[in-house]
Amino acid sequence: MITIAEAIKSINPNAEFVYTEEDINTIEWHNGTTPISVSDIQAKQTELQTAYDNAEYQRNRAKEYPSWQEQLDMQYWDKVNGTSTWQDAIAKVKSDNPKE
């Protein structure tokens, strides 16, 4: 879940503020920070959450890809042996974790 702070910092990276326990109605703006409306913060939270959710396949792929060292080793041995081990491994990760 995207936090209030993440949404605010996305809108204004220099914002200074405090709030209590994820209660958007308790935000106090400090050191001359221009207040951001609750509706703008909530809209930004929704936007950021959607982007995060849409990138789930990328996070899943990153966990499943072999390390760079393993991939380079696969590519070397594929070249030597005329095989497609590396290509097959990458295709499987992509197939198991489609973009859509």
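Quick note: the coordinates plus some simple rules give every number you see, no bench work behind them. Since the model is a prediction, treat every value here as computed from it, not as a measurement. So basically every Cβ, Gly included, is an ideal-geometry build from the backbone, and we count neighbours across all protein chains shown.
Quick look at the numbers
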{"item": "Residue 24 paired with residue 81, simple spin-label distance in nm, labels 7 Å along Cα-to-beta-carbon", "result": "5.6"}
{"item": "Among 29, 95, 77 the positive-end extreme of the charge dipole of the chain (Cβ point charges)", "result": "77"}
{"item": "Nearest 10 degrees, 0 to 90: helix 38-54 Cα axis against the chain principal axis", "result": "10"}
{"item": "Over the chain - Rg/Rh using Cα atoms and the Kirkwood inverse-distance radius", "result": "1.29"}
{"item": "Rg(Cα) / (2.2 N^0.38 Å) computed for the range 19-71, rounded to two decimals", "result": "1.84"}
{"item": "5 angstrom amide H check on residue 17, placed H, neighbours 5+ away", "result": "30"}
{"item": "Cα-based helix-to-principal-axis angle, 68-81 vs the chain, degrees rounded to 10", "result": "20"}
{"item": "The chain: calculated mean residue ellipticity at 222 nm from DSSP helix runs of at least 4, using -39500 (n - 2.57)", "result": "-18500 deg cm²/dmol"}
